Amino acid sequence: MDKIVIIGGNTLNGSVKVSGAKNAALPILSACLLTGGWHRLHNIPHLKDIETIKSIMSELGVVFRDGGEALEVNSDDLNDCEAPYDLVKTMRASILLLGPLLARYGKARISLPGGCAIGARPVNFHLKALAAMGVDMFLDRGYVNAMVDRLKGANIIFDIPTVTGTENIMIAAVTASGETVLKNAAKEPEIQDLADMLRDMGADIEGDGTDTIYIRGVRDLSPARHTIIPDRIEAGTFMIAGAMTGGEIKIESCRPQHLGALIEKLKSAGTRVKATGDSILVKGSGSIESVDIETMPYPGFATDLQAQFMALMCIANGRSTIKETVFENRFIHVSELKRMGADIEINGNQALVKGKDRLLSAPVMATDLRASASLVLAGLVAEGSRTEVHRIYHLDRGYEALETKFEKLGATIWREKE
Ligand code: EPU
């Protein structure tokens, strides 16, 4: 197992190129199951989560050709409809295979992520929507066994907007009979990217990017060519790094329009942010003002940037309140940031952060991807000998070569074997 070592205190400067979005690539890869032929996908990031979904899809019979420039995906000869526990347990997004397998083969056997039972979080909305589309399901030894003759269109109202739930049902509905209407759908850019890919395959979808999505079932699909959108969470992580270290970072190959909420908050914190075309220039002012945030579904402040923004607030002037409304308990990073000298109090789903002049280096670890990123950010500004971030397989799930990118910006950071 590897760890990341950081000697904090360097000002970061230069430009960094953002990779393709993990959370767009995952549903888009699973959508390749809908039809045979060679799909051609550009800008697929090199990440552990992508390897995981490719492994599961390979077990199903999908063939991948990685030509360097594009990943080609072929699902002509599927030989199985099962996503096994050993792989699913490492990545909840594996549930995204359920919709396309049911659409193509009328059956699927998928291990429930985290061993959750039907009706309980985190996939009850997916299952309820599929039941409304005519799917019969039963639970057996932690697996959901699902079957249907042909999916039928339905009116589905999500209790709360669910990102992968919206994606799963959108994929399932593409070849269903009749029209499916998804209300209270998630509006994240990754959903629009998936819809673009599905339309390229021949799907009839409207309304993606709003809270009501219309999908009229079609009979014939063909393989698609698609370029994955840039990862807005990776871009946001570098923006926050610029604000924290006081340097000037140009974040290239990103979509500033996907980062509106973060841009506003960083400006309120005193950071200079200039968005032009597909890049964002961030200039830390040296003095960080405290700002309150509340996470929300898109276009609100992303829960996937909450931990990183909290690292910034740890060195701000004054107090800030950070409210997490998307997940009940996404404060895993707090106790580790405290080990680095941060002053944070948790009260329910709110954290009160009292900004300090400095953070101190320490060995830390986190059991969540974004929490781990916040610890790397804290390490970049920490005083003392060295910060070691352990268990970085979480980082490798969602950040491509994070330490190399930070090193190119001037950080003293490297990867070491434990
Ligand atoms: N929920 C349910 N039942 C469901 C589905 C969701 O109760 O059937 C609840 C969840 O527990 C949560 C809320 O609804 O409280 C929203 O969850 P959502 O379904 O939107 O999350 P997700 O689809 O599982 C995706 C991203 C997450 C990101 C969230 C929120 C992917 C693969 N994952 O998860 O990304 O935090 O949306 O934006 O797209 C990450 O990349 O680090 C990450 C965790």
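A few notes on this one:
Rundown of residues vs (1) within 12 Å of the ligand (Cβ to nearest atom); (2) at pLDDT 95 or above; (3) more than 23 Å from Leu87 (Cα to Cα); (4) in contact with a helix residue (DSSP H, G or I) (Cβ under 8 Å, 6 or more places away or on another chain), yes/no style:
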{"position": "Leu102", "(1), (2), (3), (4)": "no, yes, no, yes"}
{"position": "Gly115", "(1), (2), (3), (4)": "no, no, no, no"}
{"position": "Ala129", "(1), (2), (3), (4)": "yes, yes, yes, yes"}
{"position": "Ala132", "(1), (2), (3), (4)": "no, yes, yes, no"}
{"position": "Gly153", "(1), (2), (3), (4)": "no, yes, yes, yes"}
{"position": "Val163", "(1), (2), (3), (4)": "yes, yes, no, yes"}
{"position": "Ile171", "(1), (2), (3), (4)": "no, yes, no, yes"}
{"position": "Ala186", "(1), (2), (3), (4)": "yes, yes, yes, yes"}
{"position": "Arg199", "(1), (2), (3), (4)": "no, yes, yes, no"}
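- Applying the criterion of at least 2 residues that are in contact with a His (Cβ under 8 Å, 6 or more places away or on another chain) and not basic (Lys, Arg) to the strands (runs of 3 or more DSSP E) found wholly in region 185-254 leaves 225-227.
- Identity of the residue in region 134-151, out of contact with any helix residue (DSSP H, G or I) (no Cβ under 7 Å at 6 or more places or on another chain) and on the phi > 0 side of the Ramachandran plot, that ends up farthest from the ligand (Cβ to nearest atom): Arg141
- Ile28 being crowded, with 23+ Cβ neighbours inside 10 Å, in contact (Cβ under 8 Å) with a residue 60 or more places away in the chain and either touching a strand residue (DSSP E or B) at 6+ places or on another chain (Cβ under 6 Å) or part of a helix (DSSP H, G or I) (or both): yes
- Residues in region 74-114 that are in a helix (DSSP H, G or I) and more than 14 Å from Thr52 (Cα to Cα): Leu98, Gly99, Pro100, Leu101, Leu102, Ala103, Arg104, Tyr105, Gly114.
- Inter-residue pairs, beta-carbon under 6 Å, first in contact (Cβ under 8 Å) with a residue 12 or more places away in the chain and away from the ligand (no atom under 16 Å from the Cβ) and in region 75-98, second aromatic (Phe, Trp, Tyr) and assigned to a helix (DSSP H, G or I), 6+ apart: Cys81/Tyr105
- Subset of region 345-359 (residues that are farther than 20 Å from Ile6 by Cβ and touching a residue at least 12 places away in the same chain (Cβ under 8 Å)): Ile346, Asn349, Gln350, Ala351, Leu352, Val353, Lys354, Gly355
- Of all residues making up region 131-180, the number that are over 14 Å from Leu97 (Cα atoms), crowded, with 23+ Cβ neighbours inside 10 Å and among the small types (Gly, Ala, Ser): 1
- Test set (1) part of a helix (DSSP H, G or I); (2) within 16 Å of the ligand (Cβ to nearest atom); (3) not β-branched (Val, Ile, Thr) - Glu400 fails condition number: (1)
- Checking Phe327 against (1) more than 16 Å from the ligand (Cβ to nearest atom); (2) in contact with a Ser or Thr (Cβ under 8 Å, 6 or more places away or on another chain); (3) at pLDDT below 95, the condition it does not meet: (1)
- Residue ID - nearest to the chain's Cα centre (by Cα), chosen from residues in region 4-61 that are at pLDDT 95 or above and among the basic types (Lys, Arg): Lys22
The values are calculated or read from the model by the stated rules, or taken from the named source; none is laboratory data. Everything numeric here is computed off the predicted structure, so don't read it as measured data. Counting neighbours? That spans all protein chains shown, and the Cβs are built from the backbone with ideal geometry, glycine included.
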